[in-house]
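Derivation of every value follows stated rules applied to the coordinates shown; laboratory data play no part. Every value quoted in this text rests on a predicted model; they were computed, and no experiment measured them. Note that each Cβ is placed from the backbone with ideal geometry, even for glycine, and that neighbours are counted across all protein chains shown.
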Amino acid sequence: MIILFFSDVVGKPGRAAVISKLPSLIGRHRADAVVVNGENATDGKGIKPAHVEALLSAGVDVVTTGNHVWKQRDAYRYLDEQPRLLRPYNFLASNPGRGVTVVDTRAGRLGVVNLSGDLYLYPARSPFEVVNDALEELHGVRNVIVDLHAEATSEKVAMGWYLDGQVSAVVGTHTHVRTADAHVLPGGTAYITDAGMCGPRDSVIGVKKELVIERFLTQLPVRFEVADGDVWLEGVVIELGEDGRALRIEPFEEPA
Ligand SMILES: [Fe+2]
Ligand SMILES: [Fe+2]
């Protein structure tokens, strides 16, 4: 199974680029499954149901999210109804939606788990405490990808080691800055600390850079807007063997 993973899609520029480039990228990488982190897909804050639907219609199999997921209120009910849209598993169990799903692909079943890191993101429960419960819900599915949406590199590296041999891949998201450490761990788990961003590079992690600089200079509230210049797609392509172990993980980047 070959999985294409697109990291944090930011705003309309990110969505448009994913949707327009997806057919050629699926063809070039011979991808069987597509997972997209969409936590910034609607104006940089969460994702509206219509934008999930647009990604799914374009060929995306599962949309994961993260700390911004609650910013779109009209997604709450949709999170309960749409099994292909995830929010971090370790949020409150009473929150809308789910953090784990299984989809059928032409190369077999794929399980997807969405987790939030603890540091700076303050989820209800530690991802380390509950990840085994999430994996149990997959009922023995061999191909499993975990999106750990987290700030701290140490937390993501530790989760990679903790899950090595138990899942096919641990992919970090949230920082919007891709790390140079994609590799397959000894137990057969593909790993990268952060897969990057699908959005404008002429920005500060997707936001108009002037606004972010103003906030740092004044330390006063500034209303952030999504930038639109120099849009790139970033993510990883992961190949799994028959047993669900990773054979390779490679970063990709593609100009819009
Ligand atoms: Fe993000
Ligand atoms: Fe985030």
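Key figures
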quantity	calculated
Spin-label model distance (nm) - Glu242 vs Leu217, 7 Å beyond Cα toward Cβ	6.2 nm
Largest-first principal axis extents of the Cα set of segment 119-256 (Å)	51, 36, 22
Cβ charges +1 (Lys, Arg) and -1 (Asp, Glu), total dipole of segment 1-142, debye	480 debye
Euclidean distance of C-alpha centroids, segment 54-122 and segment 183-256, integer Å	18 Å
Sorted by Cβ density within 10 Å, fewest first, the residues Thr218, Thr175, Thr189, Thr153	Thr218, Thr153, Thr175, Thr189
Segment 109-193 - share of DSSP beta bridges that are antiparallel (%, nearest 5)	10 percent
Fluctuation leader among His183, His51, His139 - the chain, Gaussian network, Cα springs under 10 angstrom	His139
Spin-label pair Val103/Thr153, simplified geometry with 7 Å Cα→Cβ offset, distance in nm	3.1 nm
Sorted largest first, extent of the chain alpha carbons per principal axis (Å)	52, 39, 35
Order of Ser20, Ser57, Ser7, Ser94 under a 10 Å beta carbon neighbour criterion, fewest first	Ser94, Ser57, Ser20, Ser7
Pairwise label distance in nanometres, Gln166 with Ala256, each label 7 Å out on the Cα-Cβ vector	3.7 nm
Residue among Lys48, Lys21, Lys156 with the largest mean-square fluctuation in a Gaussian network model of the chain, springs linking Cα atoms under 10 Å	Lys21
For His149, residues with placed amide H under 5 Å, excluding near neighbours	Leu115, Ser116, Gly117, Thr173
The chain, dipole about Cα centre (Lys/Arg Cβ +1, Asp/Glu Cβ -1), debye to the nearest 20	480 debye
Semi-axis lengths, Å, segment 191-234, gyration tensor of Cα atoms, sqrt of 5 times eigenvalues	23, 13, 7
DSSP-defined antiparallel bridges as percent of all bridges, the chain, nearest 5	50 percent
Computed Kirkwood radius, in angstrom, where 1/r is averaged over Cα pairs of segment 15-117	13.8 Å
Of Ala31, Ala182, Ala50, the one that fluctuates the most in a GNM where the chain has Cα springs shorter than 10 Å	Ala50
Local electrostatic count at Ile19 - Lys and Arg +1, Asp and Glu -1, tallied over other residues with Cβ under 12 Å	+2
Per-residue Cβ neighbour rank within 10 angstrom, fewest leading, Ser126, Ser116	Ser126, Ser116
Under 12 Å, Cβ to Cβ, from Leu148 - net charge with Lys/Arg +1 and Asp/Glu -1	-4
Under-24-angstrom lysine pairs by C-alpha in the chain, whenever the two are 8 or more apart or on separate chains	17
Whole-number D in µm²/s for segment 1-57 (Stokes-Einstein; Kirkwood sum over Cα pairs; 4 °C, 1.567 mPa s)	114 µm²/s
